[in-house]
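Written out below as structure tokens is the structure these notes cover.
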Amino acid sequence: MHAAFIDANPALRAIAERLGPTVPGLTLSFGHPGILPAALPEALAGAGIAVIDHTAFPIEIARRCTGLTDVVFLGTGARSYMDPEALAGIGVAVHIIKGYGDTAVAECAIGLLFAAARGFAAMDRGMRAGQWLRTEGSQLGGKTLGLVGFGGIAAETARMALGLGMQVLAWNRTPKAHPGVEFVPIGRLLGESDAVSMHLLLNDETRGFLSRERIAAMRRGALLVNTARGALVDEAAMIEALASGQLGHAALDVFEVEPLPAGHVLTTLPNVTLSAHSGFRTPEANQRLIEAAFDHCRRIVGKTPT
């Protein structure tokens, strides 16, 4: 069976080229990371498996990819790029990968939290412009961090935050327990947290979860960190809250539209730190990610249940 890794960046391609030959019966080809959806039918010609990093795969494009039976999406957020149910309806199964980057993303969340609390990005910009911009930061030790959603990444974030001496609250859609973490109703979490970090999967129920009303219920001046999905947050309400001071700072690795368009209002706000959806990109996480992708390919080629 042939697999086409349609949008392989150099780091992921190097790992895939090394691991691909270890899958019996699999041949592999590569596209480029900037590929557009319109080019996918040609890139997937003759392929039974599409390996997709973060490229949109609309159903109308998928219908033109004859012979395709499986999509291996490199991550958990496939719904941000394709409609798994619609693909299943035309005989294409979507496989996702969990857990490969929990530590990497948690480290990103904590790094963004520090950036938000201490104003590093603003000082960096000021010094590059010739200004000695000293800012008053916020100490994280003794503060309260609220985790919205509690999977593997949030558990790692909690471990790191507890190590910093923070109090950790969490809310999850289903009951959970974790050492050192107090699980509370969402209203209490928003009202008592000095910083809130988003860790929900994106689906129809969670889209816009951090609504205008919930942002208004947050402690005034609180910090917001989002390494999950941009659409979990009402972006317009977040921008208004940043301008009014209801939110003290937003540190964001994810956005409603990616790449973030040039000149977007978020790029003009001084109390925003921006990261290009790179929280999961480390050599260690990349290795685990591609290993898991080829585990999927091995099962698909072997016709065993996934």
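For this structure, a couple of remarks:
- The chain - percent relative contact order, Cα under 8 Å, separation 6 or more: 17 percent
- On a per residue basis, the convex hull of the C-alpha atoms belonging to segment 1-115 measures out at 118 Å³.
- Cα-derived Rg to Rh of segment 102-274, Kirkwood definition: 0.95
- Under-5 Å amide H pairs with Val196, H placed in peptide plane, nonlocal only: Gly146, Leu223, Leu224, Val225
- Note on the chain: Rg/Rh from C-alpha atoms, Kirkwood Rh, equals 1.00.
- A straight line joining the Cα centroids of segment 83-127 and segment 209-276 runs 15 Å.
- Relative to the 2.2 N^0.38 Å rule of thumb, segment 14-66 has a C-alpha radius of gyration ratio of 1.20.
- For His95, residues with placed amide H under 5 Å, excluding near neighbours: Val71, Val72, Phe73
- Cβ charges +1 (Lys, Arg) and -1 (Asp, Glu), total dipole of segment 139-245, debye: 160 debye
- Annotation: amide H of Gln167 within the under-5 Å range of Gly142, Lys143, Thr144, Leu145, sequence separation 5 or more or interchain, hydrogens built in the peptide plane.
- Each Cα pair under 8 Å and six or more residues apart adds its sequence gap; the mean of these over the residue count of segment 102-274 is a relative contact order of 21 percent.
None of the figures in this text is laboratory data; all of them are computed from the coordinates on show. Only a predicted model underlies this, so the values are computations on that prediction, with no experimental measurement involved. Cβ sites come from the backbone with ideal geometry, for glycine too, and all protein chains shown count toward neighbours.
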